[in-house]
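The values are calculated or read from the model by the stated rules, or taken from the named source; none is laboratory data. Quick caveat, the model's predicted, so the values are computed rather than measured. As a convention, Cβ positions derive from the backbone with ideal geometry for all residues, glycine included, and neighbour counts pool all protein chains shown.
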Amino acid sequence: MTNVKESLEREIQVLGLQLDASTARMERHAALLQTGSRWSNRMNEWAETIDGILDRTSKALTEQNERISKLEQKNS
């Protein structure tokens, strides 16, 4: 009986260590996932900002080209 008890205690200890290792690994994965999610959100916000800037710049250039065309036609 003593041998069986000691054997079971060792197995429980090994399982506990394996669970600890699995928990640590899962926590690392969760941290990486969260970091990646934050990075993706920041990149999406940045892309939306840049898209807005490019849109405003494109509109301004189009308006300026139209004004130049009208001035050139007026002077011709």
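Per-structure values
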{"read-out": "Selected residue (only one of Ala47, Ala24, Ala31 is more than 17 Å from the chain's Cα centre (by Cα) and either part of a helix (DSSP H, G or I) or surrounded by 10 or more Cβ atoms within 10 Å (Cβ to Cβ) (or both))", "value": "Ala24"}
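A quick yes/no check of all residues on (1) part of a helix (DSSP H, G or I); (2) modelled with pLDDT under 95; (3) exposed (fewer than 10 other Cβ atoms within 10 Å of the Cβ):
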position	(1), (2), (3)
Asn3	yes, yes, yes
Leu8	yes, yes, no
Arg56	yes, no, no
Lys59	yes, no, no
Gln73	yes, yes, yes
